[in-house]
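We did not get these values from a lab; they are worked out from the coordinates using the rules stated. These figures come from a predicted structure and were not determined experimentally. Every residue, glycine among them, receives a Cβ derived from its backbone with ideal geometry; neighbour counts consider all protein chains shown.
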Amino acid sequence: MKKTTVLILTLALPLWLQAQTQTQTDSLSVAADSLGTPQEFVTEPGSFREGSGVGIDTLDIQDGRLLLVLKDDHTWYYIKNFERLAADSTFTKDWIPNTTDPYHVPLDSLPLRNSICLVDSASVFVCPNQTKVFSRFGYRHGRRHQGVDLPLKTGTPVYAAFDGRVRASMYNRGYGNLVILRHENGLETYYAHLSKREVEVGDWVHAGDQIGLGGSTGRSTGPHLHFETRYQGFAFDPEWIADYEKGTLRSNVFVLRRSYLNASSRYVPESLDEEEDVYAAEEKIIEEEKRLAAERAAIKYYTVRSGDTLSAIAKKHGKSLSTIQKLNPGVNPNKLRIGQKIRVN
Ligand SMILES: [Zn+2]
């Protein structure tokens, strides 16, 4: 687009928007994405780019961070101006590709209270893998689990939670195939145990872009997405910002207090051992349940007939009277009823 066109369109834009708003109030049949308030874009993630219009022009609205795309059906939407963002200190300071913690800052250097804007009129949250949390963040067996585990089938697409830039796309012994995204608000999100990584360091992604496929690589004993949220290298509970079962953000702004963070929340490779423990424990439970089910299936009952005594029933089945009594704690040997079920093994 020529500079003069940009200028004319920039100057004409407020009038054009006003005209469109007028049109919308006059006709209710106008598509919902045509000129709503920014809040609407946020509450309906992803919908703001839908509609039948085709992008015909991209305008620099002198915001620095944003560009405005005009569509041929007189609707518009914002996109991030990634070129400008690349020069922002968020994406230059402590930007070390393919490392798990590039920050190395002491906990007491962080602000006591930090309001972090998660989404705004130009961005949305997309749940990386919508499901019930299998294993939560926090201390277990004296060790800290640095994220949430979201079960999936190997090969399930995993999505970027927010707009951002790929800081790491690497293999790590503990995390397996790992993608780390840095976001404009300074947060980083980690996507671990992927079967396939589909982005490279330096790539810009929008929320909802597929960054890889879920799997069980690294120190993991079952396919799941291990998802972490970190600020300056310190992990905090990803459930504070979103409900992964519903797939929705809890609020647009998140207040991160220093007291939420802990010196031990810094990346520790050994912390993933416990993940293994949890899955091993789960497997033990499944085995125990199978054993109990097989035992239940093998249980045999004898139906009391006229003239039967408990000792006669025991003898008939090659068991001692005390064994039969232990198997039937509620049965009174002196008051057997015809038709009563007696467990005999
Ligand atoms: Zn995990």
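Residue-wise, which Karplus ³J(HN,Hα) couplings in Hz belong to segment 120-127, taking 6.51 cos²θ - 1.76 cosθ + 1.60, θ = phi - 60°, and x for glycine or proline?
Once θ is set to phi - 60°, the couplings for segment 120-127 become 9, 5, 9, 9, 9, 10, 10, 5 Hz.
From the cross-link list Lys71/Lys153; Lys196/Lys290; Lys80/Lys246; Lys315/Lys335, which pairs have alpha carbons spaced over 28 Å apart?
Table pairs above 28 Å Cα-Cα are Lys71/Lys153; Lys196/Lys290.
Give me the distance between the Cα centres of segment 297-311 and segment 203-221, rounded to whole Å.
59
Could you give the length gained by full extension between Ile79 and Tyr260, i.e. 0.36 nm per residue of separation minus their alpha carbon distance, to one decimal place?
My answer for the length gained is 61.9 nm.
Provide the gained length on full extension for the span Glu198 to Val105, in nm with one decimal, where the gain is 0.36 nm per separating residue minus the Cα-Cα distance.
The span from Glu198 to Val105 would gain 30.5 nm if fully extended.
For the residues Glu239, Glu245, what sequence is obtained by ranking on other C-beta atoms within 10 Å, fewest first?
Glu245, Glu239
What nm distance separates the two modelled labels at Ser322 and Ile61, each placed 7 Å from Cα along Cα→Cβ?
Between Ser322 and Ile61, the label points sit 8.6 nm apart.
Give me a comma-separated list of calculated 3J(HN,Hα) values for segment 252-260, in order, Karplus coefficients 6.51, -1.76, 1.60 applied at θ = phi - 60°, integers in Hz, x for any Gly or Pro.
For segment 252-260, the Karplus curve yields 6, 10, 10, 9, 9, 8, 4, 5, 6 Hz.
Under a crude label model (7 Å from the Cα following the beta-carbon direction), how far is Arg291 from Arg305 in nanometres?
About 3.7 nm separates the two model spin labels.
Can you run phi through the Karplus equation (6.51, -1.76, 1.60; θ = phi - 60°) for segment 153-163 and list ³J(HN,Hα) in whole Hz, with x for Gly and Pro?
8, 3, x, 5, x, 10, 10, 5, 6, 9, 4
Please list the non-local residues whose amide H lies under 5 Å from the amide H of Asp203, H modeled 1.01 Å from N, same-chain partners needing a gap of 5 or more.
Val166
If I take R0 = 22 Å and measure r between the Cβ atoms of Val253 and Asp88 in this structure, what FRET efficiency does the formula 1/(1 + (r/R0)^6) give, to the nearest 0.05?
0.70
Can you pull the percent of Cα pairs in segment 299-343 with separation above 16 Å?
23
Net charge around Val133, counting only other residues with Cβ within less than 12 Å of its Cβ (Lys, Arg = +1; Asp, Glu = -1)?
Net charge around Val133: -2.
Report the residues of segment 217-260 in range of a label on Lys132: point 7 Å along Cα→C-beta, backbone N strictly under 14 Å from it.
It comes to 244-246, nothing else.
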